[in-house]
1. Inside region C:93-211, counting only helices (runs of 4 or more DSSP H) that do not spill past its ends, which hold 2 or more residues that are more than 8 Å from every other protein chain (Cβ to nearest Cβ), of a type outside the set (Asp, Glu) and in contact with a strand residue (DSSP E or B) (Cβ under 7 Å, 6 or more places away or on another chain)?
2. Please specify each residue of region B:230-256 satisfying the condition of being closer than 15 Å to residue B:294 by Cβ and away from chain A (no Cβ under 14 Å).
3. Within region A:332-383, track down each residue that is more than 9 Å from every other protein chain (Cβ to nearest Cβ), assigned to a helix (DSSP H, G or I) and not polar (S, T, N, Q).
4. For residues that are surrounded by 15 or more Cβ atoms within 10 Å (Cβ to Cβ) and over 15 Å from residue A:361 (Cβ atoms), tally how many sit in region C:140-156.
5. For residues that are assigned to a helix (DSSP H, G or I) and either facing another protein chain (nearest Cβ under 9 Å) or surrounded by fewer than 14 Cβ atoms within 10 Å (Cβ to Cβ) (or both), tally how many sit in region B:261-299.
6. Just to be sure, is residue C:34 in a helix (DSSP H, G or I) and either of a type in the set (Phe, Trp, Tyr) or touching a residue at least 24 places away in the same chain (Cβ under 8 Å) (or both)?
7. Of all the helices (runs of 4 or more DSSP H) wholly in region A:32-83, which have at least 2 residues that are within 14 Å of chain B (Cβ to nearest Cβ)?
8. In region A:388-425, which residues are under 17 Å from residue C:170 (Cα atoms) and without any contact (Cβ under 8 Å) to a residue 40 or more places away in the chain?
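The values are calculated or read from the model by the stated rules, or taken from the named source; none is laboratory data. Because the structure is a prediction, the values reported are computed rather than measured. Here the Cβ is made from the backbone with ideal geometry for all residues, glycine too, and neighbour counts use every protein chain on show.
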Amino acid sequence: MGENRLALTAHLMRRAGFGATREELETLAEREYAELVEDLVNPERFPPVDEDVLERYYGWLEGVQGKVWSGVWIYRMVNSQRPLEEKMALFWHHVFATGVSKSDHPPSSIQQIKMLRRLGLQDLRTILLELSRDPAMIFWLDNNENHAADPNENYGRELLELFSMGVGNYSETDIKMAARAFTGWTFEQPLGLYPCGFYPSRFTYREDDHDESEKTFLGESGKFDGADIIDIIVRQPATARFIARHLYNFFVADEAQVPAWGTVPPRDPEAIDTLVKAYMDTDGDMRSVMRTLLNSDFFKESQFQRVKSPVELVVGTLKLVDTNRFPDTNVMSYPTATMVMGQQLLNPPTVEGWHTGKEWIDGGTLNERVNFAVNLVADTSKPGVQAIMDRLEKDGGSLTPSEFVERCLDLTGPIEASEETRAALLRFAESGGDLDMTSSENGESTRERIVRMLQLIVASREYQFA
Amino acid sequence: MARPYAMLRAGFPYVKTVGMRRLTVNFPVDVAIGRNDALYILCRNEEGVMVRMLSQEDEDLGFFSSLGTGDGQLRWPVAIVSDGEGNFFISDEACHRISKFNAEGEFLGKWGEFGSEAGQLNAPAGMAFDSDENMYVADGLNHRVQKFAKDGEFLGQWGGFGTGNGEFNMPWGVAVDEFDDVYVADWRNDRVQKFDANGEFIFKFGSTGSSDGEFNRPAGLTLDSDGDIYVADSGNDRVQLFNQEGSFVQKFVGDATLSRSARAYMLSNPMFLRLRDMASIDMQKYFRRPRSVRVDDKGRMYVPDYGSFRVQIYQKDVERLEESQIAAPLKAPSLLTA
Amino acid sequence: MKERSQEPVLVVLQLSGGNDFMNTLIPYTSGDYYDARPTVAIPQEDVLPINDTLGFHPSAGPLKELYERNKMAIVQGIGYPNSNRSHFRAMDIWHTCEPHEVGTEGWVAKAVRELDPRSENVLTCVSLGKGLPRAVVSSGVPVTSVDNLEAYGVMTGIAEEERLEALEIFKHMYTPAVGAQAAMDYLGNTGLDVLKGTDMLKKAPAEYKSDVEYANNGIAKSLRDVARIHLADLGTRIFYTQHGGYDTHSRELLLHEQLMTELSGAVMDFYTDLEEHAAGDNVAILVFTEFGRRIRDNGSGTDHGSGGGAFIIGPRVKGGLYAEYPSVVPANWLNGEDLRHTIDFRGIYGTMLEQWMGVEAAPIVGGTFEQVHPFA
C-alpha cells in the first residue's frame, strides 16, 4: 500500500469526517478511493449512533442544556459510522449560524441540528424549506415578528445574503418581497422552562398573518409564499456559486471570509465552476455535489490547506488517541475545550457564523489548542497512544533519530512537516541518540521519549492544519 | 402481611405533584421514602447531582451530596434505597460503587471496585435489600446480578450477556419480594425477569414495543406488599402495573398539576404567567422518561418524573379479598358478563 | 530601581449571572422592598447603613469600609433600554455595546487597539479565567488569557525540567521560514508571541511578595493574579476578571451571602495589597453585572430582571452615590416587575475610558452617553 494512498485516505477522512485511527485508515486504504467516497455520501448504508445508550448515560437529550448536548454531539462525531452525515450537520451549522444565546431555548437549537443532520445531503430546496420552518431560526432572525401588516426583513435579508445567494445578486426590493412572502411563518408558543423543564417549539403557519398580495422577486411575479421564494432562489446560479464557495472553504481550502466574497475572487475559480456545474446539473442535490467535490483532483491536492476548526482539532485528537468509544464522564469537558478555542457549539457568535482559517488562531486559542493535544497524547493508557508504541516496538531493533522522527510523523497523520519542523524534531530525537526498542531495561525511558515526540508533533504548526 | 388472595381494584387516582425545576428538583432519577414520609429525591444530570429532601407537603428540607468523585459525592448515581435503620444507599455507575448516607445526609462510607471478577462492579444500577438486608445489585455492564452483604461482602452472582432466560443486556432495576424472589428490569432486552434467591429463573414478561405490557427500555421497578409489580417503562414515557403473575393491569402516563412551590413561583412571575397563558398546557401533565417508580407502605406510588423535574404521587385504592369472596378462576374468557 | 509605570490601569470585574443589586445596596427603610420580598429580604437590623435609606448587605462590610473611606463610587440603577433577560445575550450586549444588532467586537478589545495600536505588548490586556469573554475579543487584537498564572503557557503539562527543552523545540518549530504560506507565518508569529508572554509572565509570581493573605476562592485568586501581574510592571493596561454564581434563582439568602463575602473580601484584599506596595494610585476597578434581578422574590430566590448597579473603586476615586437609585414604589416598576435603570451602562464605560484611560469613548461604545464624574 503506497504512502500516498494512505495519506490520501487520511485526508479524506479528516475532511469528510473527523479523522480515523491508524488501523481504520489502513483498512480503508485497501479499498478504491471512489468506493470510500460512495460510502461517505451514502450514510444510510451504516447504522446510526446508538441513541438508547446515550440516553441511559447522558440523560434525556431533548431536555438537557446546550453544553451537555454539545458534549454528546462531540461523542457522535467521534463514534458515528456515518462521518459525513455528522460533518454536513456541522457544515450547515457554520452556514446557517444560529446562536442559542438569544433564545436560551436549547431544545429548539438541538432540533435544528438534528434537522441539519437528517437533511444535510438532500437537495438545497428541501434544506432551505425546513430551515425556514425551523423555530430556532425563526426566532433567531425575528420571523416570528414578521407580520402581514408590519413586515420584519431580517430573515428575508439573511436568507439571501448569508444562506443562499450572497450580496450583490439581488436588490433591496427583492429582500422586501422575500420578507413579505415569509409573513405568517412562525411557531407555537412552547410552555416555559419553569416549572417543569423545556418543551419543544413547533412551526406553525398563520394564514391570517400572511401577506397574500402579488410580489415580484428576482424578476418573477406571483402571489408568492415562502416556498415559492425558495424555489426561485435555488435555481439561481448565484446560489450555486455561493454554496460552492462555502463548501470549498469548509471542505477544501481556507477562503476569504464571507463578507469579502463580493470583492475577493475564489482561490480556485475552476474548482468553484466544477462545483457549480454539479449543483446546476442535479438541481442542488448536495449528495451529488459532495460526490463531485470529494472525487475531484482539487480536493485530493488540498491536503493541509485548512486550519482545523476547534471542533476538528478536538475530535481529531480524540480519534488519534482512540478514546471515548463508549459514554463516559469525560465527554462533557470537550465542549468547554472547543469553547476556549473559540468555537462554542450551538452558539456561533453572529449570523455570519464563525470566522475560519487563520482567524481561529490567536495567542489564547493557540495556547489552548496546543495544550489540549499535548496533554491528551501524554496519556499512555489511551489505546491510540498505546497502538503507536506497539507499532514502533514491532518495528524492532533501534531507530535512528531521523527514522524516529519520520515514523512518528507518519503514525500521527501522516503529517507533512516543513523542513524547519523536521529539523526541530530531529534536534529532540538526536538529544537522546538512537531509539532502542529492543532492551526492556530502557522501556520506560523509550516510552517517555516517544510520548515527548508525539507531544512535540501535536504542538507543531502543521498539526493545526487539516 | 400476607398477600391477598385477590383484589377488587377500585382505582389508582393521582394525588399530587411535588418539586419543581431549579428551586428543588433537577432531573430526578429515583426517590426513596424516609422518616416522616420525607422524599429523598436523587437528582442527576451532567451539570449537577444531589439528593433533595422534600416533605409530602412539598416543603424544601434541604439537600446533600454534589457532583464529583470524592467521598460523599456522586457522579452518575442511578438508584437510592433505604435500609431498616433509615440509612440510604446510592449506586454510582461512573464510580462503580455504592455510597452510604444517614438520614441527615452525612456520608457514612462506600464500597465497590471496578472490574468483572466476582464481587467487582462495572456500572452498578438498581439495588434492593432482601429480608436479611443482603443487597442485590444490577451490575449493568457486566450484565449480571450480584448479591452482597450490607457491608459489601460478595455473596453470589448470576447472569451474563445474552437474551436467553437468566441472561441480561445492561440490566437496570432490581426488586425483591417478601419471599426473597428477585425481579430484574432487563433494560436492553425489554423485559422483566423473576428469579428465586439463588438466581434460578422463574418467569419473565414483556417484549419490545409500546402496546400494553410491552416495553421500550424498562428502567426502575418496584413491588408492593400485594405482589403487584411496577415498572418505569422509560422509553414509552409511562409506568406500567402488572400483577404478581406478570399480567398487565394498567398504565400511568402522568396527571401532573402544579406543585405548591411551582404555583408560588409562577405567581411571582408576570412574564412567565403570560407565556404560559399563550401556550397549550396539555402536554405538561405527562411523564417524560420516568426512570424509576417507588411505593410506600400506605399504597402511595411515587414517580420521579425525570424529564419534568418533579415527583408525581398516586394512591392505590383496592379491596383485598379472601378466597371466599371471589368466584373460582375460570378456564376461559366469557361473554356472559352481565 | 526603575520607576513604576504610572499609566492608568483598569481592572474590570464582571459579576456573572446577574447580581441582585437590591440585596447588595438595600433600600432598608422601604416598605415596598419588604412587601415585594417576603422570603429574600435582608432584615432591617442586619443591613449596614450608609445613609437613611440605603445600606450594604451584611456580608459586604469591606465594601462599606471602602465607601466610607471615600474610595468607592456607587453607580445606582445602571442598565439600558429594553433590558434583555437572557444571560448570554445580555452579557453580549454589555460586552459589545450593541443592544440591537449582534455585535462582533468587544469594547475592551477596541480600547486595547487604541492603547496599543501596533500590538507591541502581548500583555496590554490580560484576561483571568478560562476562555475569553467577548468584551476582550476583536480580530487582530492580542489578548493574553491566563487561567492559572503558575501554569501559564504552552505545554505546561510537561514537567518543569523537561519543559525547557520542549519549549526550545517549540520555538524552532514556530520560527517563520522564508517562503512559507501566509497562514503558516501567522501561526508562527502567534506561537512566538505566546512564548514571549510566557516568559514575561514568569516574572510575576517569582517577584511577588505580600503580607496580604487572599481567601481561597475564584475571585480572590483572580485578583491576586492581577496584583502579581500589575506589580511585575509588565505594561498591562486592562485586566478582565469574572466572579460567577450570581444567578440566584433559589436559596438566594444563603448563596448571596457567600458571594458578597467573597467579592468584598477579595476587592478589599486587592486594594490593600496594592496600597501596601504603593502601586495602587494608577488603578481603578469597575465592578458590573449583566442585569439586576426581579423586584419580587419567587419564594426561594429571584429571577432575571433589570436595573443593576456598578461600583468604581480606587485610590483616586471620589467616593459617593452616583446616578439615582431606581424607585421601588410599585407604581414605578417597569412592566410591573422590574427596576427602571437611571443611567446607561455605555455612559459608565465612557466614564472609565475617557476620564480614566484617556481614550475617546464614542467610537468604542457607539455614541455619546451621559457620564458620571467619580475621579478627583
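1. The helices (runs of 4 or more DSSP H) meeting that bar are C:107-115.
2. B:230, B:231, B:239, B:240, B:241, B:252 - these are the residues of region B:230-256 that are closer than 15 Å to residue B:294 by Cβ and away from chain A (no Cβ under 14 Å).
3. A:334, A:335, A:337, A:360, A:369, A:372, A:373, A:376, A:377, A:383 - these are the residues of region A:332-383 that are more than 9 Å from every other protein chain (Cβ to nearest Cβ), assigned to a helix (DSSP H, G or I) and not polar (S, T, N, Q).
4. Going through region C:140-156 one residue at a time, the tally reaches 7.
5. Adding up the residues that qualify gives 19.
6. Yes: the conditions hold for residue C:34.
7. Answer list for region A:32-83: A:51-58, A:66-79.
8. Correct list: A:419, A:420, A:422, A:423, A:424, A:425.
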